[in-house]
1. Kindly state, to the nearest 0.05, the FRET efficiency for Leu119 paired with Phe54, given R0 = 22 Å and r defined as their beta-carbon distance.
2. Using the scaling law 2.2 N^0.38 Å as the reference, what is the normalised Cα Rg of region 50-138?
3. Evaluate the distance, in nm, between pseudo-label points positioned 7 Å from the Cα of Glu36 and of Gln138 along their respective Cα→Cβ axes.
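Just so it is clear, none of the values below were taken in a lab; they were calculated from the coordinates. In this text the structure is predicted, and so the values were computed from the model without any measurement. When we count neighbours, we look across all protein chains shown, and the Cβ atoms used for this are built from the backbone with ideal geometry, even at glycine.
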Amino acid sequence: MTLENPPKRGQVMEDRGPTRGREPPRDPAPRPLPRERTPPPMPDPSSPTPLHRFFGGSPARVALQLALISIAVGLVLSTLNIEPLSLLRWLQQTVRELLDYMRWAGIDLVESLGRWLLLGAVVVVPVWLVMRLVKVRQGR
């Protein structure tokens, strides 16, 4: 074996300086072949869909329940001769009177807190809704 003819793998080298008579370094242990990727498991048909999780049941069933509850509440309000717009006006008037009383009593902080609450809710509620929809979509 000369310089033009290097030793083959596993062959003992001739006396060439510091490696005298030793075998050349071996490659590390061979790596195992990569496994074939298996497809993700199919979802269980009995598990609820994202829409079921979001609504808390079947969307049709929830819609039916809401319709029945709305009819019952509407019947009671109609019996009491309460109209939807008059109910909203009453609520608005009550809130205004409450705020006027608090302002008269020297509690302007409550009015500021109410404004901050509404201002923050304009941002927070849509962000929460988007996050909720994303979680439902991810299947959590």
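1. Calculated value: 0.20.
2. Computed over Cα atoms of region 50-138, the ratio equals 1.57.
3. Between Glu36 and Gln138, the label points sit 3.2 nm apart.
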